[in-house]
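One structure below.
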Amino acid sequence: MIPHGTLISEVGAEAIEKGFGVPIFGSRKLLNWESDRQLKEKLMKESGIRTPRSFSSPKEINKLAIVKLHGARGGQGYFLADSPTSFQEKKRIMEKKGILKKGTPLYIQEYVVGVPVYLHFFYSPLRRELELLGVERRYETTVDAIGRIPSQMQEGVMPSYVVVGNIPLVLRESLLEEVYRMGEEFVRTAARLVPPGVIGPFCIEGVYDENAEFVAFEFSARIVAGTNLYILGSPYSGLIYEKPLSMGRRIAVEIKNAMRSGSLAKVLT
Ligand code: AMP
């Protein structure tokens with residue numbers, strides 16, 4: 001059992017799956033897949049979503065790559081490398097600065113040049129329907145600060161990806177069809193690979209490249225911080241519901257409907 005008073009973020013997905021004795025809204029198994037980079041990649045690939053290449057060893061790095069820690073860390077401790085040598089150099093700097101502990105397992109992924117976009121979905125197991133409730137981008141230091149420095153003076157500035165806030169976004173309309181297709185395929189694949197699959201909120205996170213094609217580097221199998229932007233609803237939730245609806249309220253509505261129809265087992269794990 002998890003000791004009383006422990007914060008969920010301190011516990012980790014595995015302990016939530018096995019040791020958290022209270023029923024939760026959402027899939028606890030999927031949280032585990034979210035926190036394991038290999039499983040995460042498998043689910044996205046099998047959903048037919050374009051994903052960046054991952055490198056199984058630093059020796060394989062032959063193009064610009066982003067090096068990440070496992071688990072959700074709000075971009076903390078990430079760095080870029082474009083060769084095995086630059087990987088070792090950057091890693092040493094990060095360890096020296098105390099940002100990275102020696103021996104920490106790292107995940108190396110191709111860096112996709114494009115603009116980051118976070119898609120907030122809600123899947124209702126009761127209505128068997130997918131809703132896009134919001135879109136945002138993150139405000140990350142120092143990567144979003146680098147364009148403010150003249151390029152001749154950027155030497156020595158290491159981009160980092162620490163999230164400090166979220167910025168609302170509305171997508172070009174023609175992109176929405178693919179967004180829904182991607183979300184629906186994700187829901188179908190999660191039901192097959194990690195039953196019972198998605199329950200409620202999830203987020204697909206990626207970048208649109210130079211051809212306006214979406215490449216997903218992450219998913220979150222839960223409510224994400226960016227939904228805070230839309231406490232009174234978003235341009236997308238407004239198209240589905242005619243009253244202000246936050247992601248939190250959408251969860252509450254699903255629980256209430258499940259209680260009324262005697263279907264709580266469909267939304268709790
Ligand atoms: P994450 O913790 O994976 O959500 O990543 C934090 C930030 O790093 C993202 O918001 C992006 O700015 C950046 N990022 C992560 N993965 C990639 C990637 N493969 N290509 C380009 N940027 C990335």
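The values are calculated or read from the model by the stated rules, or taken from the named source; none is laboratory data. As the structure is a computational prediction, the values presented were derived from the model and not from experiment. Using ideal geometry, Cβ is built from the backbone for each residue, glycine included, and neighbour counts are taken over all protein chains shown. Ligands, DNA and RNA are excluded from the accessible area calculation, which covers all protein heavy atoms including side chains. Shrake-Rupley method; radii C 1.70, N 1.55, O 1.52, S 1.80 Å.
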field: Criterion: more than 17 Å from residue 32 (Cβ to Cβ) and out of contact with any Pro (no Cβ under 8 Å at 6 or more places or on another chain) - qualifying residue of 175, 193
entry: 175
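So that you can scan it fast, the table gives a plain yes or no per residue for (1) among the small types (Gly, Ala, Ser); (2) open to solvent by less than 50 Å² (accessible area, probe 1.4 Å); (3) away from the ligand (no atom under 15 Å from the Cβ); (4) over 21 Å from the mean Cα position of the chain (by Cα):
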{"residue": "59", "(1), (2), (3), (4)": "no, no, yes, yes"}
{"residue": "66", "(1), (2), (3), (4)": "no, yes, no, no"}
{"residue": "70", "(1), (2), (3), (4)": "no, no, no, no"}
{"residue": "75", "(1), (2), (3), (4)": "yes, yes, no, no"}
{"residue": "79", "(1), (2), (3), (4)": "no, yes, no, no"}
{"residue": "89", "(1), (2), (3), (4)": "no, no, yes, yes"}
{"residue": "93", "(1), (2), (3), (4)": "no, no, yes, yes"}
{"residue": "97", "(1), (2), (3), (4)": "no, no, yes, yes"}
{"residue": "107", "(1), (2), (3), (4)": "no, yes, no, no"}
query: Which members of the stretch 116-143 meet the condition of being within 12 Å of the ligand (Cβ to nearest atom) and open to solvent by 50 Å² or more (accessible area, probe 1.4 Å)?
result: 137, 139, 141
query: Pick from the stretch 19-57 the residues that are of a type in the set (Asp, Glu) and part of a helix (DSSP H, G or I): which of them is nearest to residue 112 (Cα to Cα)?
result: 41
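Every residue, every condition in (1) in contact (Cβ under 8 Å) with a residue 40 or more places away in the chain; (2) within 30 Å of residue 262 (Cα to Cα), yes or no:
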{"residue": "127", "(1), (2)": "no, yes"}
{"residue": "143", "(1), (2)": "no, no"}
{"residue": "147", "(1), (2)": "no, no"}
{"residue": "158", "(1), (2)": "yes, no"}
{"residue": "200", "(1), (2)": "yes, yes"}
{"residue": "210", "(1), (2)": "yes, no"}
{"residue": "215", "(1), (2)": "yes, no"}
message: Tally up the residues in the stretch 16-40 that are open to solvent by 30 Å² or more (accessible area, probe 1.4 Å) and under 18 Å from residue 110 (Cα atoms), please.
response: 3
